[in-house]
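To start, the structure itself, in structure tokens.
The values are calculated or read from the model by the stated rules, or taken from the named source; none is laboratory data. Not measured: the values here are computed from a predicted model. We place every Cβ from the backbone using ideal geometry, glycine too, and count neighbours over all the protein chains shown. We work out accessible area using only protein heavy atoms, side chains counted, and drop any ligands, DNA or RNA first. Shrake-Rupley method; radii C 1.70, N 1.55, O 1.52, S 1.80 Å.
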Amino acid sequence: GLPVISEAEFADLAAASPPSHVIDCAGTPSSALAAVTALAPLGRLVLVGLSLEPPLLAAPLIVLKEIQIRGAIAYRRGEFAEAIALLAGGAIPAARLITAEVPLDQVAASFQELDRPNGQLKVLLRP
């Protein structure tokens, strides 16, 4: 799988080279704040992941950095086709993103495990 880094390591990396765009798929309250903090001035944040709790967003940082924030919930048919082509062509290292494989009869237990931090990125369900 992909290496896991701490929030401090992420902050250090972002401070050294602030990204102009962040896509937050984690959807945790703290991930939105980390994204706003990390973004370069005039950066763009896309919130994709959902949380039952509202995101922590620092209004002064958003205003002073002139950050644009968008939400995204769905994909268009053409975007699925493009994603499938990227996966099939090897442009996306899909195998590196899968951190666990779970048989379908264990899916309920797997979702319960995902309710707490456990290092999983993508869990593949096997029939």
I'd like the orientation of helix 29-38 relative to the chain: the angle between its Cα long axis and the longest Cα principal axis, in ° from 0 to 90, rounded to 10. 50 degrees
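If you take the beta carbon distance between Thr37 and Ile98 as r and set R0 to 25 Å, what does 1/(1 + (r/R0)^6) give as a FRET efficiency, to the nearest 0.05? Walk me through the intermediate numbers first.
Numbers: r = 29 Å, r/R0 = 1.16.
Computed FRET efficiency for Thr37 and Ile98 comes out at 0.30.
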Would you mind telling me the share, in percent, of accessible area of the stretch 14-73 contributed by carbon and sulfur at probe 1.4 angstrom? 67 percent
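Sum -39500 (n - 2.57) across every DSSP H segment of at least 4 residues in the chain, then divide by the residue count to get the 222 nm mean residue ellipticity, nearest 500. Kindly include the intermediate steps, with their values, before the conclusion.
Values: 6 runs with 51 residues, N = 127.
It lands at -11000 deg cm²/dmol.
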So what J values fall out for the stretch 8-21 if you push phi through Karplus, 6.51 cos²θ - 1.76 cosθ + 1.60 with θ = phi - 60°, rounded to Hz, Gly and Pro as x? 5, 5, 4, 4, 5, 4, 5, 5, 6, 8, x, x, 8, 9
I'd like to compare 97-110, 17-30, 80-93: which one has the highest average count of other Cβ atoms within 10 Å, and what's the full order after that? 17-30, 97-110, 80-93
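If you place +1 on the Cβ of every Lys and Arg and -1 on the Cβ of every Asp and Glu, how big does the dipole about the Cα centre of the chain come out, in debye to the nearest 20? Could the numbers behind the result be given before it?
Numbers: 9 positive and 12 negative charges, 76 e Å.
Here the chain has a charge dipole of around 360 debye.
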Accessible surface, per residue, of the chain when the full set of protein chains is kept, probe 1.4 Å, Å²: 75 Å²
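If you rank Phe10, Phe111 by how much accessible surface each has, with a 1.4 Å probe, what is the order from largest down? Can you show the working numbers first?
On the way: Phe10 80, Phe111 125 Å².
Listed by decreasing accessible area, they come as Phe111, Phe10.
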Which of (1) 2, 12, 20, 22, 17, 12, 9, 5, 1; (2) 2, 8, 14, 18, 17, 14, 11, 7, 5, 3, 1, 0; (3) 2, 9, 14, 18, 20, 18, 12, 5, 2, 0 is the computed P(r) over Cα pairs in 5 Å bins from 0, in percent for the structure on display? (3)
So if each residue of separation counts as 0.36 nm, and I subtract the Cα-Cα distance between Ala74 and Asn118, what length gain in nm does that give? 13.2 nm
When the charge dipole of the stretch 2-119 is computed with +1 at the Cβ of Lys and Arg and -1 at the Cβ of Asp and Glu, the Cα pointing farthest to the positive end, of Ala94, Pro29, Ala72, is that of Ala72
